[in-house]
1. With at pLDDT 95 or above, touching a strand residue (DSSP E or B) at 6+ places or on another chain (Cβ under 9 Å) and more than 17 Å from residue 112 (Cα to Cα) as the only criterion, which of 220, 230 stands out?
2. Among strands (runs of 3 or more DSSP E) lying entirely in segment 133-238, which contain 1 or more residues that are within 10 Å of the ligand (Cβ to nearest atom) and surrounded by fewer than 20 Cβ atoms within 10 Å (Cβ to Cβ)?
3. Collect the residues in segment 76-111 that are in contact with a Ser or Thr (Cβ under 6 Å, 6 or more places away or on another chain) and of a type in the set (Gly, Ala, Ser), keeping them in residue-number order.
4. Of the conditions (1) farther than 25 Å from residue 214 by Cα; (2) near the ligand (Cβ under 10 Å from one of its atoms), residue 110 fails just one. Which one is it?
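The values are calculated or read from the model by the stated rules, or taken from the named source; none is laboratory data. What you see is a predicted model; the values in this text were computed from it and never measured. Cβ coordinates were reconstructed from backbone atoms using ideal geometry, including for glycine residues, and neighbour counts include every protein chain displayed.
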Amino acid sequence: MGGRPASAAAARAQTAVPPAVAGVGLDSAAVRQAMVRRLAQQGVTQPAVLQAFERVERHCFVDSGLAAQAYEDTSLPIGWGQTISKPSVVARMLELLCEGQTLPLGRVLEIGTGCGYQAALLSHLCREVYSMERLRALHERARDNLRPMRIPNVHLIFGDGMLGYPKGAPYAGIIAAAGGESIPAAWLEQLAVGARLVAPAELQSGQQSLVVVQRSAHGFERRVLEGVRFVPLKSGTA
Ligand code: SAH
């Protein structure tokens with residue numbers, strides 16, 4: 001694919017995105033396409049994942065002061081000490097979740113709604129998204145962010161995601177945006193046979209890694225992938 005160099009795209013983003021924030025602008029679509037091209041260059045291959053990134057307006061999920069950076073490959077603060085992961089990491093996790101599966105996936109559980117960006121991406125990849133957040137303020141923020149988008153298949157749940165959400169189980173996929181010292185047993189129990197879980201976890205002290213667990217009729221197969229840095233998975237609500 002052609003396209004302008006990343007630096008020019010970034011320069012364009014600096015000037016083009018703020019006006020687009022007020023309305024729905026073609027400029028925001030152009031910078032989003034540039035981000036999608038970069039993701040493809042970085043090795044994201046699944047068309048459905050790339051299309052989801054092209055459709056969801058990341059700048060609508062961050063403070064207007066950060067909108068100019070919304071399409072750079074960077075994590076951004078979303079308040080209450082939490083961050084929205086950088087697009088390349090989100091894309092990597094979504095690819096792992098969907099790899100080899102028939103799309104759209106069925107019902108998927110997301111732990112850590114945050115600002116709601118990943119939930120919006122997931123809405124294009126699965127039939128139903130159940131997304132849990134333990135901080136009430138962020139749960140409400142995500143609801144406000146998603147409301148104007150009128151996405152019918154995202155269900156936001158305020159609660160401790162360490163316990164999963166048994167009412168929606170079994171899940172065709174589980175994805176977590178916060179990492180603990182292990183993968184909670186409830187998540188494994190709520191994973192459907194044939195489904196996959198993708199989550200960061202600190203399996204060796206001091207090193208958080210991306211973990212993929214595949215459930216089969218015979219049990220659970222775990223793969224530990226590259227090192228990552230996610231906010232901590234905490235119990236309880238606040
Ligand atoms: N997917 C989010 C990323 C948010 S950061 C987005 O697109 O913005 C991770 C989130 O996980 C934080 O908001 C944090 O409060 C939340 N979190 C941490 N532990 C949790 C738990 N036990 N249950 C639910 N949410 C949790």
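1. Working: 230 fails: more than 17 Å from residue 112 (Cα to Cα).
Just one listed residue meets the conditions, 220.
2. Numbers: elements: 154-158, 171-176, 191-204, 207-216, 219-227.
The strands (runs of 3 or more DSSP E) meeting that bar are 154-158.
3. Initial filter on segment 76-111 (in contact with a Ser or Thr (Cβ under 6 Å, 6 or more places away or on another chain)): 77, 83, 85-86, 110.
Hit for segment 76-111 is 85, nothing else.
4. Among (1) farther than 25 Å from residue 214 by Cα; (2) near the ligand (Cβ under 10 Å from one of its atoms), residue 110 violates only (1).
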